[in-house]
Amino acid sequence: MRILFRLAVLLPFTSVFVSPASAQATAADIVAAHIRSQGYPCDAPQAAKRDPRASRPDEPVWLLTCSNARYRVRLIPDMAAAVEQIH
């Protein structure tokens, strides 16, 4: 009985442990999907790095690198993202 309880408690957390490289790719894909939905081109998202200096509580800022462009993206809850192309 205790073994089943331990499995039931630990099983949901087994997928939480991901490598930083896969987490980085996931962040890039998510941020790229946000800006694509607003009409910005982002072919092959390569990296997304959070900018802690520019971020605010509940409004993270990401530096997104795509194969064709770079963007600074502020994700604002319940609103469109504020997107600025970086040259």
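The values are calculated or read from the model by the stated rules, or taken from the named source; none is laboratory data. The structure displayed is predicted, hence computed values, not measured ones. Reconstructed Cβ throughout: ideal geometry from the backbone, glycine too, with neighbour counts over all protein chains shown.
Computed quantities for the displayed model
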| item | result |
| --- | --- |
| Residues within region 61-73 that are free of Cβ contacts under 8 Å to residues at least 24 places away in the same chain and either surrounded by 18 or more Cβ atoms within 10 Å (Cβ to Cβ) or aromatic (Phe, Trp, Tyr) (or both), tallied | 1 |
| Some residue of region 27-45 being of a type in the set (Gly, Ala, Ser), within 10 Å of the chain's Cα centre (by Cα) and part of a strand (DSSP E or B) | no |
| Search result, residues across region 67-87 that are over 18 Å from ALA44 (Cα atoms), hydrophobic (A, V, I, L, M, F, W, C) and not in a strand (DSSP E or B) | LEU75, ILE76, MET79, ALA80, ALA81 |
| Options PRO20, PRO52; residue that is exposed (fewer than 13 other Cβ atoms within 10 Å of the Cβ), modelled with pLDDT of 95 or more and under 16 Å from the mean Cα position of the chain (by Cα) | PRO52 |
